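All of the numbers you see were taken from the coordinates with simple rules; none came from a lab. Treat the numbers as computed from the prediction; the structure is a model and nothing was measured. Positions of Cβ are generated from backbone atoms using ideal geometry, with glycine treated the same way; all protein chains shown enter the neighbour counts.
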Amino acid sequence: MKKVSLFETPMWQSKLPDSIDTSWLTEIAYEKYALGKLNDCNGFQTFENEEEMSFIFPLPQGLKLQEYLDSMVNNIAKELGLPMVSLLNYWLNVNPTGAYNNLHKHRNALLVGNLYLKVPDTNSGGIEFVRDDDADYYVPTDADYNPTVGTRLTVQPQERDIIVFPGWQSHAVKINKHNLDRVSLSFNYGAITQ
């Protein structure tokens, strides 16, 4: 009998090359964190000023990073048969001990991603992908995980990991149980319209 996958939601994971400096991002995150307030999930995000972090990373330090991400995300878009994409916006996240992010999607973004800048260890909160088609109601809890019957998958990132996935994929960030912060850069890419 022939098996046909009806829908597929891929995720891409790679390592940012060491030749691309990201220390300036961590510095910006902590500068803003010192002036800001925690969100409802005990974390901090820098997107209070939408115009400040849209379309392009700061020059000159962000140029190599943006070129790398633009190329990588456009290769993914091409693989999926999507049009070319460009950076819509980005923000920095500081998740201290006890911080997490609730289940959400990224509206208006075709592809979204995270670059992990500071990851103390696997106890600092992975990213959890969750199906939202009610499969968890039907699939027995003792079923072996596979992409067809799995309803949740947690990825434990390491420093300099980049994770990219479709904007419609529901995801959350698990609680940081480590005594050190996890710091990341989140970004959204959307289709280039004519």
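Less than 22 Å apart at the alpha-carbon level, and either on another chain or at least 8 residues along: which lysines does that give for LYS118?
LYS15, LYS32, LYS37, LYS64, LYS174, LYS177
Note down the magnitude of the dipole of the chain about its Cα centre, charges +1 on Lys and Arg C-beta and -1 on Asp and Glu C-beta and zero elsewhere, to the nearest 20 debye. Mind dumping the intermediate values first?
Values: 16 positive and 24 negative charges, 53 e Å.
Approximately 260 debye in magnitude.
At 0.36 nm per residue, minus the direct Cα-Cα distance, what do VAL139 and ASN75 gain on full extension? Give it in nm, one decimal, please.
Details: separation 64, 0.36 × 64 = 23.04 nm, distance 3.45 nm.
Residue separation times 0.36 nm, minus the Cα-Cα distance, leaves 19.6 nm.
What distance in nm separates the simple spin-label points at LEU82 and SER5, each placed 7 Å from Cα in the Cβ direction?
Using points 7 Å along Cα→Cβ, the separation is 1.6 nm.
Determine ³J(HN,Hα), in whole Hz, for all residues of the range 85-99 in sequence, where each value follows from phi through the Karplus function 6.51 cos²θ - 1.76 cosθ + 1.60 and θ = phi - 60°; x replaces Gly and Pro.
My calculation for the range 85-99 gives 10, 9, 5, 8, 6, 8, 7, 9, 10, 10, 10, x, 3, x, 7 Hz in order.
Measure nothing but the geometry: give the 0 to 90° angle between the long axis through the Cα atoms of 23-35 and the longest principal axis through the Cα atoms of the chain, rounded to 10°.
Long axis of 23-35 versus the principal axis of the chain: about 80 degrees.
Quick check on the chain: helices-only [θ] at 222 nm, where DSSP H runs of length 4 and up contribute -39,500 (n - 2.57) each and the sum goes over total residues. Nearest 500, please. Mind showing how you got there, number by number?
On the way: 3 runs with 35 residues, N = 194.
It comes out at -5500 deg cm²/dmol, rounded to the nearest 500.
Let me know the charge dipole size of the range 88-140 about its Cα centre in debye, to the nearest 20, where only the beta-carbon of Lys, Arg (+1) and Asp, Glu (-1) is charged. List each step's numbers first, then the result.
Working: 4 positive and 6 negative charges, 64 e Å.
Approximately 300 debye in magnitude.
Of ASN39, PRO120, PRO166, whose Cα points farthest to the positive end of the dipole of the chain (charges on the beta-carbon: +1 Lys, Arg; -1 Asp, Glu; origin at the Cα centre)?
Result: PRO166, furthest along the dipole toward the positive end.
Over all alpha-carbon pairs in the chain, figure out the percentage whose distance exceeds 27 Å. Don't jump to the answer; show the numbers that get you there.
On the way: 5763 of 18721 pairs.
Roughly 31 percent, once rounded to a whole number.
Using the Kirkwood radius over Cα pairs, work out the Stokes-Einstein diffusion coefficient for the range 81-194 at 4 °C and 1.567 mPa s, in µm²/s as a whole number. Working shown, then result.
Details: Rh = 15.3 Å.
It comes out at roughly 85 µm²/s.
Which whole-Hz ³J(HN,Hα) couplings does the range 163-177 yield from phi under the Karplus relation 6.51 cos²θ - 1.76 cosθ + 1.60, θ = phi - 60°, glycine and proline marked x?
Each residue's phi maps through the Karplus curve to give 10, 10, 7, x, x, 7, 7, 5, 7, 9, 10, 5, 5, 7, 9 Hz.
If I take every Cα pair under 8 Å that is 6 or more residues apart in the chain, average their sequence separation and divide by the length, what percent do I get for the relative contact order?
On the way: 373 pairs, mean separation 64.3, N = 194.
With pairs under 8 Å counted, the relative contact order is 33 percent.
Two decimals is fine: what's Rg over Rh for the range 150-194, C-alpha atoms, Kirkwood radius as Rh? Before the final figure, lay out the partial values.
On the way: Rg = 13.8 Å, Rh = 13.5 Å.
Result: Rg/Rh = 1.02.
What distance in nm lies between label points placed 7 Å from Cα along the C-beta direction at ALA191 and ASP21?
3.8 nm
For the range 146-157, just list the computed ³J(HN,Hα) in residue order, Karplus coefficients 6.51, -1.76 and 1.60, θ = phi - 60°, integers in Hz, with x standing in for Gly and Pro.
My calculation for the range 146-157 gives 7, x, 7, 9, x, 10, 8, 9, 9, 10, 9, x Hz in order.
Starting from the amide H of LEU117, placed 1.01 Å from N in the peptide plane, find each other amide H under 5 Å away whose residue is 5 or more places distant or on another chain.
Correct list: ARG160, VAL183, SER184, LEU185.
Using r as the Cβ-Cβ distance of GLN13 and HIS104, and R0 as 25 Å, what FRET efficiency do you calculate, to the nearest 0.05?
Values: r = 20 Å, r/R0 = 0.79.
The calculated FRET efficiency here is 0.80.
Under a point-charge model restricted to the Cβ atoms of Lys and Arg (+1) and Asp and Glu (-1), what is the dipole moment magnitude of the range 2-111 relative to its Cα centre, in debye to the nearest 20? Don't jump to the answer; show the numbers that get you there.
Details: 9 positive and 13 negative charges, 129 e Å.
Using Cβ point charges on Lys, Arg, Asp and Glu, the range 2-111 gives about 620 debye.
Taking only C-alpha pairs under 8 Å that are 6+ residues apart, what is the relative contact order of the range 84-194 in percent? Walk me through the numbers before you get to the answer.
Working: 253 pairs, mean separation 61.8, N = 111.
Normalised by residue count, the contact order of the range 84-194 is 56 percent.
Please compute, over every Cα-Cα pair in the range 62-121, the percentage with a separation greater than 16 angstrom.
Details: 1004 of 1770 pairs.
That fraction is 57 percent.
Over the alpha-carbon set of the range 92-131, work out the extent along each principal axis and list the three values in angstrom, largest first.
Computed over the range 92-131, the largest-to-smallest principal extents equal 31, 21, 14 Å.
So what is the diffusion coefficient of the range 12-126 in µm² per second by Stokes-Einstein at 4 °C and 1.567 mPa s, using a Kirkwood Rh over Cα pairs? Mind showing how you got there, number by number?
On the way: Rh = 15.7 Å.
Diffusion coefficient, whole number: 83 µm²/s.
Quick check: the angle from helix 63-80's long axis to the longest principal axis of the chain, C-alpha only, nearest 10 degrees?
It is inclined by approximately 20 degrees.
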